[in-house]
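> Here you go, one structure.
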Amino acid sequence: MKYGYSIKDGSSKLFAPALLASALCLALPATALAQAEPAAPAPLKIADQRSIDLRLGAQPGRVGRAGTAPVEIRTADASFIKVHFDRFSLPAGVSLEVASPDGREVYRYSAQQLGPHTVAADLGQDGKTSFSAMSISGPVAVLRLVGTAREPWRTDHGVKVSRYLEGYPEDMLPDLQNEGLLGGDVGGKSICGTNNKQHAASYSSSDTQAFNGSRPVARAVMSGGSLCTAWRVSSSNRMFTNNHCISSAAGVAGAEFWFNYQRSTCTGTVTAPVTKVAGDQMLKTDVTLDYTLFTVKNFSTISSFGFLGLDPRAAVANEGIFIAGHPGGRVKELSVADTQNSGGKCRVDAPSVTGNAPNSDVGYYCDTEGGSSGSPVIARSSSKVIALHHFGGCFNSGAKISLIWPQVSTHFGGVIP
């Protein structure tokens, strides 16, 4: 895979997003930063659309076993491949498998039942004859027709693929982020002084509260290759992210969410087994408080990751917090330590600051980056979410759950999760 960029000179041929703000900034007094105008955020970009001309089918009039050889979409170093179907029409009894070479990921689609999939309105997909398969992790996706046709193949039968989404190499994401080549989330990016974030697994035994609080957090991958963070809220099928990440029903339907996308150990390089689900319905969204509440398909498959409750009260100055998310589009990380204050731990540095409206946010120096947008800001005292992270600039902030809750309470039966 040839991206056409140079890490040394920062040039880009295949993608040219606006440069990110500097990752490092000087610590300023909270009283000064609280009055700063927040930058307008945008999602990080971690994948590009690629063109391809791929068709699968059989001779019209043929019946019996599909019997076609598997077709591969192979790249040198993609982190994932997400196949878009421009046309999908198969005879009864025949299915299309989209799988990883080792068979760990297998998704099956037929005329009678479509397996897990997303629908990208921006690509003109209707969810029936055109849709997108769930992503396959790694540089190879294998497409194979299986089964026995119970009716003759017609001229309109077949599968056509003209594009797919190709994830940037995982090991290059930090360099791309530092070089400003991932674009997007300027407003949600802020590392103050030393980068204190750590892999979630680093806290599996030393800070079980933070580690357990990170389990309901997912990597949100949108249809165009942009990325944010999302998380489960309550025991029912409910999830939160930012409005600036997903703002419409079409945006929800076009996104997929990766649970357990994290390192198996603190120092290891192997990722834990990932569970992916597609977005389903948008329930509520708001620009000012920058939230979107939505549901996902195949909810039962993510029940084991637990959920986060809500803490809809006023934050208290200096109370402990931590943040779980996918900064820089990377595997899950936790912001627990904070060297910007004497206590050395993340805390509420200003209970009420300006976000998209006066006094709409909670302020903190806890480190975030592009991709952290939508992350839960979790109160130590309750292990529940007190703010929804969305703004940065060294002094970060999240929209107050105390303001979000009245707008979404009916979707929880009026009972605070």
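A short reminder: the numbers here are calculations on the coordinates, not readings from a lab. Computed from a predicted model, the values in this text were never measured in an experiment. Because the Cβ atoms are built from the backbone with ideal geometry, glycine has one as well, and the counts that use them run over all protein chains shown.
> Arranged from highest to lowest average of other beta-carbon atoms within 10 Å per residue, in what order do the peptides 119-132, 335-348 appear?
Highest mean packing first, the order is 335-348, 119-132.
> Taking a label point 7 Å from the Cα of residue 249 along the Cα→Cβ vector, which residues of the stretch 127-148 have an amide N closer than 19 Å to it?
127-132
> Are any of the pairs 297/332; 82/400; 197/384 more than 24 Å apart by Cα-Cα distance, and if so, which?
From 297/332; 82/400; 197/384, over 24 Å: 82/400.
> Net charge around residue 318, counting only other residues with Cβ within less than 13 Å of its Cβ (Lys, Arg = +1; Asp, Glu = -1)?
Surrounding charge for residue 318 is 0.
> Project the alpha carbons of the stretch 276-410 onto their principal axes and report the range along each, largest first, in whole Å.
Taking the Cα atoms of the stretch 276-410, the three principal extents are 45, 31, 26 Å.
> Highest first, please rank the peptides 376-388, 103-115, 405-417 by the mean number of other Cβ atoms sitting within 10 Å of their residues.
376-388, 103-115, 405-417
> I've got another one for you. Arrange the peptides 152-164, 390-402, 136-148 so that the one whose residues have, on average, the most other Cβ atoms within 10 Å appears first.
Per-residue Cβ counts within 10 Å, averaged per peptide and sorted highest first, yield 390-402, 136-148, 152-164.
> Another one. Taking residue 345 as the anchor, which aspartates and glutamates have their alpha carbon closer than 19 Å to its alpha carbon, excluding any fewer than eight residues away along the same chain?
207, 319, 333, 367, 369
> So what are the radius of gyration and Dmax for the Cα set of the stretch 47-167, in Å?
13.7, 40
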